[in-house]
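Encoded as structure tokens, the structure appears first; notes follow it.
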């Protein structure tokens, strides 16, 4: 009985990840001056199944997509409020059980833009067709 309890205690820390088959996406949408863009739309598409979910940025520009499948490639598109064409797209594979941060800057960065925004630019290989 003691051996069973010891084994159970040793395995307990790993139990929290057992059966976890999803990942989350979250981020913030801002303009080139760093101000939140409420109403911006993020589309999260599971490429293999074609399933698309729509997420609208709140008053602070934050968005969150919970419980997405972790077995494939995702395309995340960022739209300015009321726009029909995405300002930027990202495509990549997701890791199981992790939160993937996809922040979006709407508009062109310029000399008056906060310096911290340059780290928010979605980076992909040059010429990638999913980054506009």
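The values are calculated or read from the model by the stated rules, or taken from the named source; none is laboratory data. Not measured: the values here are computed from a predicted model. We place every Cβ from the backbone using ideal geometry, glycine too, and count neighbours over all the protein chains shown.
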- Count of the range 92-119 residues which are modelled with pLDDT of 85 or more, outside any loop (DSSP other than H, G, I, E, B) and more than 17 Å from residue 62 (Cα to Cα): 0
- Message: One residue is enough: does the range 77-86 have a residue meeting the conditions under 17 Å from residue 24 (Cα atoms), modelled with pLDDT of 90 or more and surrounded by 15 or more Cβ atoms within 10 Å (Cβ to Cβ)?
- Response: yes
- Item | Entirely in the range 45-87, the strands (runs of 3 or more DSSP E) that have 3 or more residues that are within 14 Å of residue 100 (Cα to Cα) and in contact (Cβ under 8 Å) with a residue 40 or more places away in the chain | 62-69, 73-79
- Message: Given the criteria farther than 15 Å from residue 29 by Cβ, surrounded by 16 or more Cβ atoms within 10 Å (Cβ to Cβ) and touching a residue at least 60 places away in the same chain (Cβ under 8 Å), does residue 94 qualify?
- Response: yes
- Query: Only one of (1) more than 20 Å from residue 117 (Cβ to Cβ); (2) in contact with a strand residue (DSSP E or B) (Cβ under 6 Å, 6 or more places away or on another chain); (3) modelled with pLDDT under 95 fails for residue 55. Which number is that?
  - Reply: (3)
